Every structure is written in C-alpha cells, then in structure tokens.
Amino acid sequence: MKKLFLGLAFLNLMDGIISFIGLNGSFMVEANPLMNELYMTSPILFLGIKILFSLFLVLIVFYDRIPRLKWVTSIAYVVSIIYLFVFCLHGIWIIQSVM
C-alpha cells in the first residue's frame with residue numbers, strides 16, 4: 001500500500017506540473033471541470049492544491065496512517081489507473097505539440 005500511495009503522490013504531482021505547463025502554454029485544456037475552474041480562478045492555487053495533495057499522501061505514508069480498508073485500496077487502484085491514463089494523454093499531447 002505504501003508504494004501505491006507514493007505512486008499516487010508522484011503521479012498527482014506530475015499531473016499538476018504538466019497540466020500547469022500545458023495550460024499556461026495553451027498546449028492543452030483541463031478536462032476536469034473542478035480543476036479547470038480552480039485553474040481559471042488562479043493557476044498558482046491550482047498548482048498549490050496539487051502539491052499539497054501530493055504532500056498529504058506522502059505524509060500519510062511517512063506516518064503510517066494509510067487506512068487498511070478494502071474500499072480505500074480499491075479506490076487507490078482505480079485512481080492510479082486513471083492517473084496513468086491521464087499521464088499517457090499528457091505525453092501524447094506534449095509530443096504532438098513539439099512536432
């Protein structure tokens with residue numbers, strides 16, 4: 001579980017950084033309506049929230065406070081799969097914008 005949460009923290013942070021760069025450079029659009037609204041309010045707040053969430057996940061691992069509930073594990077796996085998909089989309093968009 002620790003590796004899963006650390007992986008989520010990493011993917012979330014990378015998603016935030018890549019999204020921030022892509023949105024600032026108009027290479028992509030934010031598909032998540034909530035995050036899009038947050039970005040439209042303040043790009044720095046958008047990035048700050050992503051960083052804070054990643055830090056929160058790292059602290060949960062560091063202090064060994066990961067809930068040992070089946071539904072938490074299931075959600076963590078689902079979110080990881082979604083983030084991996086989004087991460088691949090970001091890679092495609094970056095490659096397309098460079099070419």
Practice task
Among the residues of region 57-80, write down those that are of a type in the set (A, V, I, L, M) and surrounded by 10 or more Cβ atoms within 10 Å (Cβ to Cβ).
Solution key: 57, 58, 59, 60, 61, 66, 72, 75, 76, 78, 79
Fill in the blank from the handout: Reported set for region 61-84 where residues are in a helix (DSSP H, G or I), of a type outside the set (A, V, I, L, M) and at pLDDT 90 or above is 62, 70, 71, 73, 74, 77, 80
Completion exercise
Residues in region 59-96 that are in contact with a Phe, Trp or Tyr (Cβ under 8 Å, 6 or more places away or on another chain) and free of Cβ contacts under 8 Å to residues at least 60 places away in the same chain total 2
Problem - region 85-99, residues that are of a type in the set (A, V, I, L, M), surrounded by fewer than 12 Cβ atoms within 10 Å (Cβ to Cβ) and part of a helix (DSSP H, G or I) - result: 92, 95, 98
Fill in the blank from the handout: Apart from one, (1) under 23 Å from residue 97 (Cα atoms); (2) at pLDDT 95 or above; (3) more than 17 Å from the chain's Cα centre (by Cα) all hold for residue 39; the odd one out is (3)
Exercise for the section: Give region 6-36 a look and list any residue that's under 12 Å from the mean Cα position of the chain (by Cα), in contact (Cβ under 8 Å) with a residue 40 or more places away in the chain and crowded, with 17+ Cβ neighbours inside 10 Å, or say none. Expected result: 8, 9, 11, 12, 13, 15, 18, 19
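The values are calculated or read from the model by the stated rules, or taken from the named source; none is laboratory data. All values reported here derive from a predicted model rather than from experimental measurement. Neighbour counts are summed over all protein chains in view; Cβ atoms, including those assigned to glycine, are modelled from backbone coordinates with ideal geometry.
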